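To start, the structure itself, in structure tokens.
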Amino acid sequence: MLIETEGIEFKEKFTEDIYKEVIAFANTSGGIIYVGIDDNGEIVDLGDIDNEYTRITNGIRDAIQPDITMFVRFTIQDGKIVRITVNEGTNKPYYLKSKGIKPGGVYVRQGTSSAPASYEQIRQMIKESDGDTFEEERSIEQELTFKAAKEAFLLYGVSFSKEKYRTLGITHKKDNLYTNLALLLSDQCTHTTKIAVFADEACTIFRDTKEFGGSVFHQFKQTINYLSLCNKTSAVITGIVRTEKKDYPDEAIREAFLNALVHRDYSFSGSIILNVTDKQIEFISLGGLLPGLSPDDIRSGISQPRNKNLASVFHRLRLIESYGTGIRRIFNLYSGCMAQPQIQVTSNTFKITLPNMNAVNTHQTPRTELTPQMQKVLDFILQHKEITDEQVQQLLGIKKTRSFVVMKQMENAGLIKITGRGQEKRYTINL
């Protein structure tokens, strides 16, 4: 006499609960379902056995995704019982088409019963079935919209249509379900970017905080716009030339954040962290370097993208030029600067720090304020190409001692240079 076990299930008649049992067996280690036997192991009359057989086979084919038919075998036993033999599937998780990839639609075998799978069990099944590449795995969330992505593609003149979803990696090659790449591009993306602006170097006193979520395109736009407000402009006077210079090269900020956004490990649920102080900006993303790479390799332009499909999407939109050039471009933008960008790597984080160029220069080389007397001297030199000590005294209405002090201050500030000695001494613009 048969009894229910971990691998055997009885059903008195056909109901839609049978779909859950088939799913549970396919997601676990396989099993057998007997339709026409009650819980006591007694045979129950199914009436028109051929009709029941057809209902069962059609229902299982239509109600379960992905296609499970190759792992299920149907037989009529003794002309009274429908036997459904379910083998363990290779395209897990199997789920109710009407419910989707979530606990209400995915079932596993637990003892002699079938139970909803947990989110962690579902993720593990996806990982085992799709491989260990997060962006290529099927997304648990399938109700996705792409407003921000469509706007970004339109802005950069690239077509964004359903026909290209599979090519881009937005839908899975096996069953056209949305992938985790689709989740990242979608308005429902759960990963975020957090920005903290601090009033002290110890990063303990907040001036402002922001958190941007949604599509990675939306996060990119909002973050770059916000950081532009933090990127102050200072005036630098070199000789007679007044130059306005930002604290950070705009392109360096853009490249540093793109690097964090495109190459972070999205299998972690944490946020990208940006810490802003008066002296620097830190860009911290989850996921260290891939095996075999070092910080020196990154600085040299060697790159092995963790999220190849996401990088490819950003490359299509020309947001990144080519793999590996972003970090090298950042260091080029800081060439000649007294402080250089810093890269720090741990097993699970990647941090790049951009120094505030104006703060570095202010600390290293104190600026001299241009006084009205100095401006008069500079204007005279611009008009006459040079000036003598006697002309300085006449121009400013001062004596020889004061004239010496003024011209020495201008020389120390790099505004002028001196040629000749005695009566041949001349002051000219230091270009």
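The values are calculated or read from the model by the stated rules, or taken from the named source; none is laboratory data. Quick caveat: nothing in here was measured; it's all calculated off a predicted structure. In this analysis, Cβ positions are derived from the backbone assuming ideal geometry, glycine residues included, and neighbour counts consider all displayed protein chains. Remember, those area values only see protein heavy atoms, side chains included, never the ligands or the DNA or RNA. Shrake-Rupley method; radii C 1.70, N 1.55, O 1.52, S 1.80 Å.
When only the heavy atoms of the protein chains count and the probe is 1.4 Å, how do 186, 294, 228, 269 rank by accessible area, highest first? Write out the running numbers ahead of the final one.
On the way: 186 0, 294 40, 228 65, 269 110 Å².
These residues rank, largest area first, as 269, 228, 294, 186.
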- residue 235/residue 123 FRET efficiency (R0 60 Å; Cβ-Cβ; nearest 0.05): 0.65
- Cα-projected label distance for residue 61 with residue 205, points at 7 Å along beta-carbon direction, nm: 7.3
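Give me D for region 11-115 in µm² s⁻¹, whole number, from Stokes-Einstein with Rh from the Kirkwood sum over alpha-carbon pairs, 10 °C and 1.306 mPa s. Walk me through the numbers before you get to the answer.
Details: Rh = 13.7 Å.
Using the Kirkwood radius from Cα pairs, D works out to 116 µm²/s.
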- Message: Through the Karplus equation 6.51 cos²θ - 1.76 cosθ + 1.60, θ set to phi - 60°, convert the phi angles of region 407-422 into ³J(HN,Hα) values in whole Hz; use x for Gly and Pro.
- Response: 5, 5, 4, 5, 5, 4, 7, x, 7, 9, 10, 10, 10, x, 9, x
- Any chance you could give the angle, 0 to 90 degrees and rounded to 10, that helix 250-263 forms with the longest Cα principal axis of the chain? 20
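Subtracting the Cα-Cα distance from 0.36 nm times the residue separation, let me have the gained length for residue 15 to residue 429 in nm, one decimal. Write down the numbers at each step before the final one.
Numbers: separation 414, 0.36 × 414 = 149.04 nm, distance 9.47 nm.
Contour length minus the Cα-Cα distance gives 139.6 nm.
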- Message: Which trypsin sites (Lys or Arg not before Pro) in region 168-217 sit in a loop by DSSP (not H, G, I, E or B) and have at most 11 other Cβ atoms within 10 Å of their own Cβ?
- Response: 173
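Test of understanding: what is the full-extension gain from residue 141 to residue 342, defined as 0.36 nm times their sequence separation minus their Cα-Cα distance? Kindly include the intermediate steps, with their values, before the conclusion.
Numbers: separation 201, 0.36 × 201 = 72.36 nm, distance 3.74 nm.
Length difference between fully extended and current span is 68.6 nm.
Return the calculated 222 nm mean residue ellipticity for the chain, to the nearest 500 deg cm²/dmol, obtained by summing -39500 (n - 2.57) across DSSP H runs with n ≥ 4 and dividing by the residue count.
Details: 15 runs with 151 residues, N = 431.
After summing the helix terms and dividing by the residues of the chain, the value is -10500 deg cm²/dmol.
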- On the full set of protein chains, 1.4 Å probe, figure out the accessible area of residue 312 and give it in Å² to the nearest 10. 40
- Starting from the Cα-Cα distance between residue 3 and residue 173, subtract it from 0.36 nm times their residue separation and give me the gain in nm to one decimal. 57.1 nm
- Leaving out ligands, DNA and RNA but keeping every protein chain, what accessible area does residue 211 have, in Å² rounded to the nearest 10, with a 1.4 Å probe? 110
- Report, in cubic angstrom per residue, the convex hull volume of the C-alpha atoms of region 275-322. 121
- Query: Once Kirkwood radius over Cα pairs in Å is worked out from the coordinates, which option in (i) 22.5; (ii) 27.3; (iii) 24.1 does it equal?
  - Reply: (ii)
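Given a 1.4 Å probe and every protein chain left where it sits, what share in percent of the accessible area of region 183-273 is carbon and sulfur? Mind dumping the intermediate values first?
Numbers: 2170 of 4160 Å².
Of the solvent-accessible surface of region 183-273, carbon and sulfur hold 52 percent.
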- Protection proxy (average C-beta count within 10 Å per residue), highest first, orders 245-254, 112-121 as 245-254, 112-121
- Distance in nm between pseudo-label sites at residue 294 and residue 332 (7 Å out along the Cβ direction from Cα): 2.4
- Item | Distance between modelled label sites at residue 78 and residue 115, nm, 7 Å Cα→Cβ extension | 3.3
- Query: Just the accessible area per residue of region 109-168, please: how many Å² with a 1.4 Å probe?
  - Reply: 60
- Note on the structure: Amide H contacts under 5 Å for residue 179, restricted to residues at least 5 apart in sequence or on another chain and with H modeled in the peptide plane, are 139, 171, 172
- Message: Quick query: amide H of residue 8 versus all other amide H atoms, modeled in the peptide plane; which residues come in under 5 Å with a sequence gap of 5 or more or a different chain?
- Response: 32
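If you count, for each residue, the other Cβ atoms within 10 Å and average over each peptide, how do 145-152, 346-353 line up from highest to lowest?
Details: 145-152: 18.0, 346-353: 15.8.
Those peptides, ordered most packed to least, come out 145-152, 346-353.
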